[in-house]
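Notes to accompany the following structure.
The values are calculated or read from the model by the stated rules, or taken from the named source; none is laboratory data. Just so we're clear, the structure is a prediction, and the values are computed from it rather than from any experiment. Every residue, glycine among them, receives a Cβ derived from its backbone with ideal geometry; neighbour counts consider all protein chains shown.
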Amino acid sequence: MGIAENIEKIKVELPSTVKLVAVSKFHPLENILEAYGAGQRVFAESRPQEFHAKILELQEISKGVEKLSTGAPAFSDIEWHFIGHLQSNKIKLVLPYVSMVQSVDSLKLLEEIDAWGAREGCITNVLLEAHIASEMTKSGLSINEIEEILLGGQEFPNICFRGLMGMATFTDDESVIRADFSKIKNLFDRICSAPASEKLKDFSELSIGMSDDFEIALEYGATMVRIGTDIFGPRVY
Ligand SMILES: *Cc1c(COP(=O)(O)O)cnc(C)c1O
């Protein structure tokens, strides 16, 4: 099946309120443009250099393409999300081009994004990545750290907290996946029911679910699913 058919098939399963994020890491720009042609507008990448190279390539291509009907440059309606581990020395390759960083996995990174925003005069949309899987190798903030950031007194003037992201344990055991999603859903609900605050005024997104488990994630209140393989096929590492 082609990319367009794959997207169609997934969309049939998604409620209209759930955003489909197409994960294009390891796939060439050509495949991204094929998905774009099929109407997909939200894409996610996880490796800073690879992402940056694709952005430059896209800027090059868009010069040769007619403007959108709005008069904006071609492809400027693509919304990029970053979903991988971001080291401080790489933030300049990523932040200027993304509408959201879904993978804030440490307080240090959050502070650095905030400081970058102060220098550049912009606000960055972020999701805090919760460590919900049983594998220690996966990254993410602990539940306590997330509560401290969102409910504690420290201010982050150049950050807009949009919600939480999580990855379930890599396993065939559905009960383990359900337990992971349940953990992040409970945390999400607890934060949503906290007293109203400036920090939480735009907090509404729960990004859970990938190719193998997005149907389950929908049962736990996913508002975004991040799907790579089911759209673009297997990645060649
Ligand atoms: C690669 C990746 C995905 C997509 O995984 P698939 O199984 O290919 O759908 C989703 N989220 C994150 C954080 C990823 O790194």
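Structure values in brief
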{"quantity": "Identity of the residue in the range 84-104, away from the ligand (no atom under 14 Å from the Cβ) and among the hydroxyl-bearing types (Ser, Thr, Tyr), that ends up nearest to the chain's Cα centre (by Cα)", "calculated": "Ser99"}
{"quantity": "Extreme residue, nearest to the ligand (Cβ to nearest atom), among residues of the range 188-213 that are crowded, with 21+ Cβ neighbours inside 10 Å and over 16 Å from Phe43 (Cα atoms)", "calculated": "Asp213"}
{"quantity": "The range 1-17, residues that are free of Cβ contacts under 8 Å to residues at least 60 places away in the same chain and in a loop (DSSP other than H, G, I, E, B)", "calculated": "Met1, Gly2, Ser16"}
{"quantity": "Answer residue from the range 13-31, given it is within 14 Å of the ligand (Cβ to nearest atom) and closer than 19 Å to Gln49 by Cα and is surrounded by the most Cβ atoms within 10 Å (Cβ to Cβ) among those", "calculated": "Ala22"}
{"quantity": "Residue check for Ile55: buried (at least 17 other Cβ atoms within 10 Å of the Cβ), closer than 21 Å to Tyr237 by Cα, away from the ligand (no atom under 13 Å from the Cβ) and under 19 Å from the mean Cα position of the chain (by Cα)", "calculated": "yes"}
{"quantity": "Residue that is surrounded by the fewest Cβ atoms within 10 Å (Cβ to Cβ) [pool: residues in the range 66-85 that are assigned to a loop (DSSP other than H, G, I, E, B) and at pLDDT 95 or above]", "calculated": "His85"}
{"quantity": "Selection count, the range 39-52, where residues are out of contact with any strand residue (DSSP E or B) (no Cβ under 8 Å at 6 or more places or on another chain), surrounded by fewer than 17 Cβ atoms within 10 Å (Cβ to Cβ) and on the phi < 0 side of the Ramachandran plot", "calculated": "2"}
{"quantity": "Conditions (1) in a loop (DSSP other than H, G, I, E, B); (2) surrounded by 14 or more Cβ atoms within 10 Å (Cβ to Cβ): number failed by Glu34", "calculated": "(1)"}
{"quantity": "Residue that is farthest from the chain's Cα centre (by Cα), among those in the range 198-213 that are without any contact (Cβ under 8 Å) to a residue 40 or more places away in the chain and at negative phi", "calculated": "Glu198"}
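The rows are residues; the columns are (1) farther than 28 Å from Thr223 by Cα; (2) in contact (Cβ under 8 Å) with a residue 24 or more places away in the chain; (3) in a strand (DSSP E or B); (4) of a type in the set (Gly, Ala, Ser).
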{"residue": "Leu20", "(1), (2), (3), (4)": "no, yes, yes, no"}
{"residue": "Glu30", "(1), (2), (3), (4)": "no, no, no, no"}
{"residue": "Phe43", "(1), (2), (3), (4)": "no, yes, yes, no"}
{"residue": "Pro96", "(1), (2), (3), (4)": "no, yes, no, no"}
{"residue": "Ala118", "(1), (2), (3), (4)": "yes, yes, no, yes"}
